[in-house]
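Visitor: Got a structure for you, written out below as structure tokens; questions coming shortly.
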Amino acid sequence: MKIGCPTEIKPQEFRVGMTPDAAREAVNHGHKALIQKGAGLGAGFTDADYIAAGAVIIDTAEEVFATADMIVKVKEPQAVERKMLREGQLLFTYLHLAPDPDQTHDLLESGCTAIAYETVTDANGGLPLLAPMSEVAGRLAPQVGAWTLQKANGGRGILMGGVPGVAPAKVVVIGGGVVGTHAAKIAAGMGADVTILDRSLPRLKYLDDVFGHVFKNQYSTAGATADLVREADMVIGAVLIPGAEAPKLVSRAMLSEMKPGAALVDVAIDQGGCFETSRATTHADPIYEVDGIMHYCVANMPGAVARTSTQALGNATLPFMLNLANKGWRQACEDDPHLLNGLNVHAGKLTYFAVGKALGLDVTSPSLALKS
Ligand SMILES: NC(=O)c1ccc[n+]([C@@H]2O[C@H](COP(=O)([O-])OP(=O)(O)OC[C@H]3O[C@@H](n4cnc5c(N)ncnc54)[C@H](O)[C@@H]3O)[C@@H](O)[C@H]2O)c1
């Protein structure tokens, strides 16, 4: 199969859909890896790295789209890219169709088959192609929060780990899933005094068993949240209610009770944010102040560490990409119901029920689409 990887064109996106290592694996399996010239540069991979891996460098996105049987990307195809998709072509990337009627319309019209990273599942009920980005964002959160706490950035002027004789920062993580657990691990590793709040008792038990006294955990009630937030130097928002907007767990009124210069890092901003005063920011201008409290609310945090993120995403997508290339999408999806859960669009038909519900469109069941 010819697997094409174009340069990402969404603003501020530096990741790339295929690493040189992934290209090498594809070539070793007898496929052709077609990489657009310069596609890996944002993540620190040169054309020479891809050539050494056996890939072919292609000058333009138009040629990549025209030649490839499967397109592997990171972000949803932009309008100009959607015009280049064709009937029978396979698209494997993040799509996030539910809030995006224009993209959904264009993908349906193109006749392509589109498998969305974010809806591929695993045997534990997880989302294996979303998890790596949550891991990255979680681990990044204390790092950017620590920077926000520095005096010159408007913060309290507190060092995460303190020093002998001076107490460390108090960090509260709301939500103990993938983001929250990784955030707590790193904050604790920096020497901070960390507490995780979650509403799931099984999750709290798991955290307690695995992390013991590395960080504390508490059941998430409005009262417990208010008490901990009042004393915190940093609060990391990491809640998720699947399919819903993030609940607002820290109100504007609570800010006035917080320590001036404390930092709020709202990782859940991509679902609307879990602090009432959160609004999405960018890497170019990541922080702002409300009532003396510093807010960091970047919606695409993994982009800040494009190389790590590309490698983490590539590790997770590689086995699926190889299966799709080796078997073709029908056989690969027939053999793996978790991959079939990723099927969102096929030959002009929507095949993902939640997207159909969100956009008011008819849906064909993915298993029917497999047989069509
Ligand atoms: N900003 C970014 O760049 C970025 C990157 C990756 C993920 N995210 C977002 O981070 C959020 C968390 O993602 P995740 O992968 O960790 O999800 P997850 O499902 O693994 O974890 C969410 C946790 O929140 C808990 N929760 C739900 N309601 C709660 C409440 N009221 N109080 C306390 N805990 C509660 C759940 O029990 C669960 O353990 C999502 O919104 C995700 O989209 C953002």
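The values are calculated or read from the model by the stated rules, or taken from the named source; none is laboratory data. Since we're looking at a predicted model, the values are computed, not measured. Every residue, glycine as well, gets a Cβ built from its backbone with ideal geometry; the counts of neighbours run over all protein chains shown. Quick note on the areas: whole protein, heavy atoms, side chains included, nothing else; ligands and nucleic acids left out. Shrake-Rupley method; radii C 1.70, N 1.55, O 1.52, S 1.80 Å.
Visitor: In the stretch 215-242, which residues are under 21 Å from VAL298 (Cβ atoms), assigned to a loop (DSSP other than H, G, I, E, B) and either more than 14 Å from the ligand (Cβ to nearest atom) or open to solvent by 90 Å² or more (accessible area, probe 1.4 Å) (or both)?
Guide: Residues satisfying the conditions are ALA232, ASP233, LEU240.
Visitor: Here is a list of conditions, (1) open to solvent by less than 30 Å² (accessible area, probe 1.4 Å); (2) away from the ligand (no atom under 16 Å from the Cβ); (3) more than 23 Å from LEU339 (Cα to Cα), and GLY111 meets all of them except one; can you say which number that is?
Guide: Only one criterion is unmet by GLY111, namely (3).
Visitor: Hey, HIS96 hits all of (1) assigned by TED's automatic domain parsing to the domain that holds GLY42; (2) modelled with pLDDT of 95 or more; (3) open to solvent by 70 Å² or more (accessible area, probe 1.4 Å); (4) not polar (S, T, N, Q) but one; which does it fall short on?
Guide: Among (1) assigned by TED's automatic domain parsing to the domain that holds GLY42; (2) modelled with pLDDT of 95 or more; (3) open to solvent by 70 Å² or more (accessible area, probe 1.4 Å); (4) not polar (S, T, N, Q), HIS96 violates only (2).
Visitor: Please enumerate the residues belonging to the stretch 149-162 that are open to solvent by 80 Å² or more (accessible area, probe 1.4 Å) and either under 19 Å from ARG203 (Cβ atoms) or not charged (D, E, K, R) (or both).
Guide: GLN150, ALA152, LEU159, listed by residue number.
Visitor: Out of the residues in the stretch 243-272 that are farther than 24 Å from ALA152 by Cα, assigned to a loop (DSSP other than H, G, I, E, B) and touching a Leu at 6+ places or on another chain (Cβ under 9 Å), state the one that is modelled with the highest pLDDT.
Guide: LEU249
Residue-by-condition table, conditions (1) within 14 Å of the ligand (Cβ to nearest atom); (2) aliphatic (A, V, I, L, M); (3) open to solvent by 10 Å² or more (accessible area, probe 1.4 Å):
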residue	(1), (2), (3)
LEU130	yes, yes, yes
TRP147	no, no, yes
VAL166	no, yes, yes
VAL172	yes, yes, no
GLY176	yes, no, no
LYS185	yes, no, yes
SER200	yes, no, yes
ARG203	yes, no, yes
HIS213	no, no, yes
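Visitor: Can you name the residue in the stretch 274-288 that is within 19 Å of ALA304 (Cα to Cα) and outside any strand (DSSP E or B) and is also farthest from the ligand (Cβ to nearest atom) among such residues?
Guide: Going through the stretch 274-288, the residues within 19 Å of ALA304 (Cα to Cα) turn out to be 279-288.
With outside any strand (DSSP E or B) added as a condition, the list becomes 279-280, 283-284, 286.
Numbers: ARG279: 13, ALA280: 9, HIS283: 10, ALA284: 15, PRO286: 11 Å.
Result: ALA284.
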